[in-house]
1. Kindly evaluate Leu60 against the criterion of being farther than 17 Å from Ser111 by Cα and at pLDDT 95 or above.
2. Taking the conditions exactly as written (under 22 Å from Leu320 (Cα atoms) and either exposed (fewer than 15 other Cβ atoms within 10 Å of the Cβ) or small (Gly, Ala, Ser) (or both)), does Gly172 satisfy them or not?
3. Kindly list the number of the only condition in (1) more than 22 Å from Ala209 (Cα to Cα); (2) surrounded by fewer than 17 Cβ atoms within 10 Å (Cβ to Cβ) that fails for Leu319.
4. For Arg294, indicate whether it is open to solvent by 30 Å² or more (accessible area, probe 1.4 Å), under 28 Å from Leu239 (Cα atoms), part of a helix (DSSP H, G or I) and in contact with a helix residue (DSSP H, G or I) (Cβ under 7 Å, 6 or more places away or on another chain).
5. Is it the case that region 297-308 has a residue that's buried (at least 20 other Cβ atoms within 10 Å of the Cβ), modelled with pLDDT of 95 or more and in a helix (DSSP H, G or I)?
6. Identify all residues within region 189-199 that are surrounded by 14 or more Cβ atoms within 10 Å (Cβ to Cβ) and either among the charged types (D, E, K, R) or outside any helix (DSSP H, G or I) (or both); write none if there are none.
7. Before we move on, is Ile288 touching a helix residue (DSSP H, G or I) at 6+ places or on another chain (Cβ under 7 Å) and surrounded by 15 or more Cβ atoms within 10 Å (Cβ to Cβ)?
Amino acid sequence: MLDERDAAGPGRGWPAGIPDATSPIRAAGGVVWRPADEPEPTSGSTDAAPAPHGGAQVCLVHRPRYGDWSLPKGKLEPGEHPLLAAVREVAEESDVRAVPQVRLPTVRYRSEGRPKVVDYWSMRAVATGGFQPATEVDDVRWLGVDEAIRLVSYPHDAEVLAAFAALPTVTGTVALVRHAHAGRRATWSGPDTGRPLDARGWAQARALAPLVALLRPVRLLSASARRCVQTLDPAAALLDLPIEIDGDLDEPRPGQQPDECVLAAAARLAALAATGEPAGVCGQGKVIPGALARLSGRTDDFTTPKGGGWLLAFAGDHLLAADRL
């Protein structure tokens, strides 16, 4: 039987050109970190306590079945979003509650005779329930990154850790979503700001709620359009938070220049990130791409479908990473 010990490493995977009749095994996990001088987290606080990643401790788990040290991870449940699975598996294997920040390299190898794909995120540890040894994981260690790289049993884990170590420290996170589906504007007789979500849109909003909640946001902000507020309603109910209406997230009004709205939205997102407290935000499709391009300084395709969104990680006032949700 093939397992991680047969791994080819990130970006290599199974031989090119050879068809595989079986679908890949999907898994997800994280590089969970805490500042080296911070005691073991015991509360739900999301205070960032910035520290260079070179001075961070990361979490490794020992699996007695394989006799190896690896990053915490596990298989996706049917229909599960990889980011939800990553946070869930980290909690199950290490008993650490963590907030995702930046997507790290995806790893591909063969396991049990099938291709396997593992998505990783960096995660800030915010709480722990007290680890108890079990049959799947019998030990957890917090180590400096260099020491962790030397201890892990597989080269691909070492490469993921190296990618984490190369990141600037994340100082702010925002879950940014575009409003969900709201039918066709042409079939709505009232003012466009009052156009509500349709059945498809409500389903999208409910699917977004647990992803937004992963950041443990302390604030939810929405553009003023009804469909934007409704998109955050399931997240607000899940988190027991009010939704704040913010006109800086709106699309251009008649006679208003688009660049003016883009600048306002970018400034609002940067200001939210600067507080160091995670936030969930719902904006509009004509504003989000330009705001992200301005914040990142990149010309990437930031087009965002209705009901889609981004996990944004900031280093100071710079948008360090934008990972599609």
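1. yes
2. So Gly172 passes the test.
3. (2)
4. Numbers: open to solvent by 30 Å² or more (accessible area, probe 1.4 Å): yes; under 28 Å from Leu239 (Cα atoms): no; part of a helix (DSSP H, G or I): yes; in contact with a helix residue (DSSP H, G or I) (Cβ under 7 Å, 6 or more places away or on another chain): yes.
No; evaluated as a whole, the condition is false for this residue.
5. No, there is no match, as no residue in region 297-308 is buried (at least 20 other Cβ atoms within 10 Å of the Cβ), modelled with pLDDT of 95 or more and in a helix (DSSP H, G or I).
6. Within region 189-199, Arg195, Pro196, Leu197, Asp198 qualify.
7. no
The values are calculated or read from the model by the stated rules, or taken from the named source; none is laboratory data. It should be emphasised that the depicted structure is a prediction, and the values quoted were computed from it without experimental measurement. Methodologically, a virtual Cβ is constructed for each residue, glycine included, from the backbone with ideal geometry; neighbour enumeration extends over all protein chains shown. Side chains included, ligands, DNA and RNA excluded: accessible areas come from the protein's heavy atoms. Shrake-Rupley method; radii C 1.70, N 1.55, O 1.52, S 1.80 Å.
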